[in-house]
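Student: Sharing a structure with you now.
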Amino acid sequence: MGAPYGSAAVAALRGTGAEIRDAGPGDTVAGVVPRWVALPGSTEEVAALMRVCASLDLAAVPTGGGTRLHWGRPPERCDLLVGTRHLDGILEHASGDLVVRTQAGVTAEALAGALAAAGQELALDVPAGGSTVGGVLATAAAGPRRLRYGTARDLLIGITVVLADGTVARSGGKVVKNVAGYDLGKLFTGSYGTLGIITEAAFRLHPVSPVRRWTTVRLPGPDSWTVPDGSGRLEAPIGPIGPTGPAGPAGPAGMGDPVGPADTAGPIGPAALASALAAAQAEPSAVELDWAAPSGGVTVSALFEGAAADARAQAVQGLAGACGPWEVAGEAPAWWGETPGNGVPGEILLELRVPPASADRALRAVAARGLPARVRGSLASAVLHVALPAETGGPEFAAFVSGVRDDVRPLGGRLTVLAAPPELARRVDPWGPVGALPLMRRVKERFDPGRRMSPGRLAEGL
Amino acid sequence: MTDTTGATPVRGPALDRIARRLAAVLPPGAVITDPVRLRTYECDGLTHHRAVPGVVVLPETAGQIAAVVRICNEYGVPFVARGAGTGLSGGALPRTDGVLVVTSRMRRVLEVDLPNRRAVVEPGVTNLAITEAVRPHGYYYAPDPSSQQVCTIGGNVAENSGGAHCLKYGFTVNHVLALEIVTPDGDIVTLDADDPGYDLLGAFVGSEGTLGITTKVTVRLLRAPEAVTTLLAAFGSIEQGGRAVSAIIGGGIVPAAIEMMDALAIEAAEAAVACAYPAGAGAVLIVELDGPAAETALQSAEVERVCLESGAFELRTAADPAERAAIWKGRRSAFAAVGRISPAYIVQDGVVPRTALPGVLASIDRLSAEHGIRVANVFHAGDGNLHPLVLFDDAEPGAAERAEAVSGRILDLCVEHGGSITGEHGVGVDKARYMPKMFTDDDLDTMQLVRCAFDSRGLSNPGKVFPTPRLCGEVPGVRRGAHPLVESGRAEQF
Ligand SMILES: Cc1cc2nc3c(=O)[nH]c(=O)nc-3n(C[C@H](O)[C@H](O)[C@H](O)COP(=O)(O)OP(=O)(O)OC[C@H]3O[C@@H](n4cnc5c(N)ncnc54)[C@H](O)[C@@H]3O)c2cc1C
Ligand SMILES: Cc1cc2nc3c(=O)[nH]c(=O)nc-3n(C[C@H](O)[C@H](O)[C@H](O)COP(=O)(O)OP(=O)(O)OC[C@H]3O[C@@H](n4cnc5c(N)ncnc54)[C@H](O)[C@@H]3O)c2cc1C
């Protein structure tokens, strides 16, 4: 493509009203440098940009805060980076309805600040640092409280998107209960910019808990965890109780029947502890794990929110005490809600998911590889992030991925590569087998037949 | 209120041939062609839409459903899935020229996995059967549509059904971890919440049978709460009740359920089940709190205080499960109960933002007076989901039309207030024509892209949800209009 065409394209892009500039090295998308950056200020401008891209066959990649632009595979091509920074309006906060409507470029901290005034929050645990609403949705990011509130897709109630051909489409709305039409918001959560550009979203909110308590337990390393049998499943950690009655002679806030040392041969592993906590009638909002190095012990922390949070955090002491030294604190542990990677391009970050009762086995599978992995994440849901040191070599990385996959597959688990330098990423299938991939490809073909929206970022053909 | 596709089954020779092919892939007795038996499937819970299915099949496995779907593809005939037929939007309305796939022989709970807090069930299992299977262990399945004794989990998935407790716990989509489906092409595919990429599981839930047939469902189980507190508050007026609802939510409490009934709905419930709600109430509010005992104790005191402050003249708190059942009895019977005070009625389902409730209810009152049609209001007040029961006498000439008009105007009100034309009963055939009030052509065309990705031939429950289904062009991506650079003279070729 020669310069005349380039300048004509710039003129056409400028004609949309969006701010346009040449891209620089700072605009790199997983190693690919786009030609231009556009900063539209409205859904209409995004639509106009996409129409220009369609007519000139330019490939576009959306970006919000750019904090996770290196996640996913490099795009097959990228002419235009579409930044949502100017789409930063909170459109409507209906506090009485516990609903907010925002533009996609609003950052998590701006949103949290606006909602806090009404004592409300979007219960996604997005850490500070520039992440935008659109980026959180596109990466399907969710934090510790997924146990209680679910993930972005569970809190999203309406969405506006611009498709590759410039079509503006909405689904859902601004009411929590709504089953009219297909839920396009679900499709776009986890889409990494491959189906279109999210320009607006509406969310269900929750009241901010006035009190929060964390019960944190230190457990020894994997050599001493008890895994009761070879079936890949632990015994149910709680006994039968009536449907609504309290659990018999339990603590003040009702703990069910905690796993006691008497029932087991040795110290209890994190999975059994998490299972028991998740099933506890003290109802924690989150049960998280931090494991700094496979040779050492693990930390498990449960968050209690709402009325009587303190009493409930204390009520699980029977469980906690059976596993190791514990404490109740009013502050989150320092690692709470952060991914274990350093968050910069070059990081190696994987997501490990197994049925929760098999979490010990998944952790052993990581330990067995002998790399200095750091594991952190939602233990009760068994959605764990695994970070490897940036200097990990290609063959070691490939062996790690295939080894862990072999171990967790029989458990019904999966290991996904979220981020890795291209020379490593290329050695492995980032997802492993996904039965629904052919259907996803058909969705992609319908939404973006010209393959102009972040082509190839998610998986082959998406 | 007319038959949708004509009442007389005319099964041509093509369907006879298909029936023979179906019999070859299904167990004995699983293909129904007898007109009398076919007629028992002619409608779902929305009985004024009727069509006798061409053929009914009763498969027992996913493999059999896949075989049925492949045969339908071979002949290009549509198929419709049906669970218990309790749907209220005509979603399971059969096709006279097609195959109705009924899941009544797929009723096994396949696996209860308490350590992982999940159960795997076949699509014909009733909603309540899941809870019954795990209740002895202290667990339950949260979404609880009032029809839960009868309706199937397959139907719940298709409709993304809610229930009284979805205010706190969410809908079916928030409680399904994986689905096995037969795609409209006849492939068996698993959609898993743990899959990376597009959330096809979430998109499938609520698609009303238009994206394929569910053959297996993995649901999340919840631990039964330690404590449940149920309060009944009686108010002089709906406005007072509405104020209490706002104050409860505004105070940072998310109850498991907040339900409201107006005077006419109370009158009907009294006549039907003698629920003995406080006499003279213009509205009753049922508030259920659940969770750790220490929490519900604090919250119920707060709810009581707020109700009294908002003008409640009587408060009752259930002390045990029997008293709780007594409080719920009137609410649970409400739909059927209006049959006691009116020869015929329409059950409407619309949503408004919770804060718009008082205004919308006043408007409904006006509509009711203008048209001389009584409306009883029963609703999930916590999430603004209205279920107006539009009462009429079908023997009175013109009454049905006026009732239809009022019912339709109520949906307009919902849309005008930024709400939805359906909160839980689905679009089906009944509301397809209202979709353009809520969505633009572009919105609907975009949804159609999803349909085409799953079902390019439009065989899976066609004619539902979308008003004017478009054909899925086999060659996608035709450019619209002239090239802007060419148009503006800035470029001739590129
Ligand atoms: C629990 C949790 C923990 C987290 N931990 C960390 C952490 O430790 N450090 C940290 O820095 N961040 C962390 N994050 C933040 C998070 O992972 C990303 O920062 C955020 O999701 C991306 O937002 P962004 O605006 O920076 O998106 P970007 O990085 O700009 O983009 C990310 C992806 O989303 C796509 N995208 C962006 N906007 C849109 C849009 N409008 N429409 C369509 N696609 C779009 C992009 O194409 C890209 O593929 C965490 C988030 C959560 C919920
Ligand atoms: C008295 C009464 C009270 C009700 N209360 C509530 C309530 O509180 N909340 C609520 O949400 N709903 C309620 N409903 C509506 C209804 O019960 C629900 O929509 C229910 O989910 C339908 O289930 P079903 O098995 O009867 O499905 P059907 O009526 O048989 O089918 C409903 C739809 O699902 C599709 N379908 C069924 N099975 C499958 C399958 N295996 N795969 C793919 N598609 C399938 C059908 O094609 C159809 O489109 C109520 C209905 C009645 C009659």
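The values are calculated or read from the model by the stated rules, or taken from the named source; none is laboratory data. Computed from a prediction, not measured in an experiment: that's the story for all the values here. Neighbour counts run over all protein chains shown; Cβ positions are idealised from the backbone, glycine included. What goes into the accessible areas is simple: the full protein's heavy atoms, side chains included, and nothing from ligands, DNA or RNA. Shrake-Rupley method; radii C 1.70, N 1.55, O 1.52, S 1.80 Å.
Student: Report yes if some residue within the stretch A:367-377 is within 14 Å of chain B (Cβ to nearest Cβ) and crowded, with 22+ Cβ neighbours inside 10 Å; otherwise report no.
Tutor: Checked against the condition, which is being within 14 Å of chain B (Cβ to nearest Cβ) and crowded, with 22+ Cβ neighbours inside 10 Å, the stretch A:367-377 yields at least one hit.
Student: If A:A140 satisfies all but one of (1) within 13 Å of ligand 1 (Cβ to nearest atom); (2) closer than 27 Å to B:N174 by Cβ; (3) of a type outside the set (D, E, K, R); (4) open to solvent by less than 30 Å² (accessible area, probe 1.4 Å), what's the number of the condition it fails?
Tutor: Tallying (1) within 13 Å of ligand 1 (Cβ to nearest atom); (2) closer than 27 Å to B:N174 by Cβ; (3) of a type outside the set (D, E, K, R); (4) open to solvent by less than 30 Å² (accessible area, probe 1.4 Å), A:A140 fails exactly one: (4).
Residue-wise test of (1) within 16 Å of the chain's Cα centre (by Cα); (2) buried (at least 23 other Cβ atoms within 10 Å of the Cβ).
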position	(1), (2)
A:E76	no, no
A:L98	no, yes
A:A108	yes, yes
A:Q120	no, no
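Student: OK, next. Taking only the stretch B:228-243 into account, find how many residues are within 13 Å of another protein chain (Cβ to nearest Cβ) and either in contact with a Gly (Cβ under 6 Å, 6 or more places away or on another chain) or crowded, with 22+ Cβ neighbours inside 10 Å (or both).
Tutor: Matching residues across the stretch B:228-243 total 3.
Student: I've got another one for you. Suppose the filter is touching a residue at least 40 places away in the same chain (Cβ under 8 Å) and within 11 Å of chain B (Cβ to nearest Cβ); does A:A459 pass it?
Tutor: yes
Student: So A:A59 clears everything in (1) touching a helix residue (DSSP H, G or I) at 6+ places or on another chain (Cβ under 8 Å); (2) under 30 Å from B:R354 (Cα atoms) except one condition, right? Which one?
Tutor: Going through (1) touching a helix residue (DSSP H, G or I) at 6+ places or on another chain (Cβ under 8 Å); (2) under 30 Å from B:R354 (Cα atoms) one by one, A:A59 breaks only (2).
Student: Turning to a different aspect of this structure: Pairs, please: C-beta under 7 Å, at least 6 apart or cross-chain, first residue under 12 Å from A:T67 (Cα atoms) and not assigned by TED's automatic domain parsing to the domain that holds A:W335 and in the stretch A:120-138, second among the charged types (D, E, K, R) and near ligand 1 (Cβ under 6 Å from one of its atoms)?
Tutor: A:P127/A:E338; A:G135/A:R68
Student: Suppose the filter is away from chain A (no Cβ under 14 Å), near ligand 2 (Cβ under 10 Å from one of its atoms), under 18 Å from B:T214 (Cβ atoms) and open to solvent by 20 Å² or more (accessible area, probe 1.4 Å); does B:R108 pass it?
Tutor: No: the conditions fail for B:R108.
Student: Follow-up question, since we're still on this one. I'm checking my understanding of the structure. Among residues of the stretch A:157-197 that are more than 15 Å from ligand 1 (Cβ to nearest atom), in contact (Cβ under 8 Å) with a residue 40 or more places away in the chain and among the hydrophobic types (A, V, I, L, M, F, W, C), which one is least open to solvent (accessible area, probe 1.4 Å)?
Tutor: A:V175
Conditions tested, residue by residue: (1) basic (K, R); (2) touching a His at 6+ places or on another chain (Cβ under 9 Å); (3) open to solvent by 10 Å² or more (accessible area, probe 1.4 Å).
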| site | (1), (2), (3) |
| --- | --- |
| B:T183 | no, no, no |
| B:D187 | no, no, yes |
| B:K216 | yes, no, yes |
| B:R220 | yes, yes, yes |
| B:V245 | no, no, no |
| B:I258 | no, yes, no |
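Student: Filter the stretch B:126-146 for residues that are in contact (Cβ under 8 Å) with a residue 40 or more places away in the chain and not in a strand (DSSP E or B); which is farthest from ligand 1 (Cβ to nearest atom)?
Tutor: Filtering the stretch B:126-146 for residues that are in contact (Cβ under 8 Å) with a residue 40 or more places away in the chain and not in a strand (DSSP E or B), the one farthest from ligand 1 (Cβ to nearest atom) comes out as B:S146.
Student: Moving on. Spot the failing condition for A:W36; the list is (1) within 14 Å of chain B (Cβ to nearest Cβ); (2) in contact with a strand residue (DSSP E or B) (Cβ under 9 Å, 6 or more places away or on another chain); (3) of a type outside the set (V, I, T), and only one is missed.
Tutor: Condition not satisfied by A:W36: (1).
Student: Tell me, yes or no, whether the stretch B:431-443 has at least one residue that is at pLDDT 95 or above, open to solvent by less than 20 Å² (accessible area, probe 1.4 Å) and among the polar types (S, T, N, Q).
Tutor: Taking every residue of the stretch B:431-443 in turn, none turns out to be at pLDDT 95 or above, open to solvent by less than 20 Å² (accessible area, probe 1.4 Å) and among the polar types (S, T, N, Q).
Student: Condition first: over 20 Å from the mean Cα position of the chain (by Cα) and not hydrophobic (A, V, I, L, M, F, W, C). Now tell me which residues in the stretch B:420-456 satisfy that.
Tutor: B:T440, B:D441, B:D442, B:D443, B:D445, B:T446, B:Q448, B:D455, B:S456
Student: Follow-up question, since we're still on this one. Just wondering, is there one or more residues in the stretch B:159-180 that are open to solvent by less than 20 Å² (accessible area, probe 1.4 Å), within 24 Å of B:V99 (Cα to Cα), out of contact with any Asp or Glu (no Cβ under 9 Å at 6 or more places or on another chain) and more than 8 Å from chain A (Cβ to nearest Cβ)?
Tutor: no
Student: Which condition from (1) assigned to a loop (DSSP other than H, G, I, E, B); (2) within 23 Å of B:V427 (Cβ to Cβ); (3) among the polar types (S, T, N, Q) is the one that B:Q149 breaks?
Tutor: All conditions pass for B:Q149, except number (2).
This table checks each residue for (1) of a type in the set (V, I, T); (2) under 20 Å from B:K431 (Cβ atoms).
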residue: B:V378; (1), (2): yes, yes
residue: B:G382; (1), (2): no, no
residue: B:H387; (1), (2): no, yes
residue: B:E396; (1), (2): no, no
residue: B:A400; (1), (2): no, yes
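Student: Quick one: which helices (runs of 4 or more DSSP H) lie wholly within the stretch B:279-340 and hold at least 1 residues that are aliphatic (A, V, I, L, M), under 26 Å from B:A224 (Cβ atoms) and open to solvent by 60 Å² or more (accessible area, probe 1.4 Å)?
Tutor: B:293-309, B:321-332
Student: I want to confirm something. Restricting to the stretch A:46-57 and keeping residues that are in contact with an Asp or Glu (Cβ under 9 Å, 6 or more places away or on another chain) and either open to solvent by 30 Å² or more (accessible area, probe 1.4 Å) or within 11 Å of chain B (Cβ to nearest Cβ) (or both), which single residue is farthest from ligand 2 (Cβ to nearest atom)?
Tutor: Applying the filter and picking the extreme gives A:L56.
Student: Within the stretch A:158-184, how many residues turn out to be facing another protein chain (nearest Cβ under 7 Å), part of a strand (DSSP E or B) and of a type in the set (S, T, N, Q)?
Tutor: 1
Student: Sticking with this structure for a sec: Examine the stretch B:431-445 for a residue that is outside any helix (DSSP H, G or I), under 24 Å from B:P184 (Cα atoms) and outside the structural domain of B:G76 (by TED's automatic domain parsing), and state whether such a residue exists.
Tutor: Yes, that holds for at least one residue.
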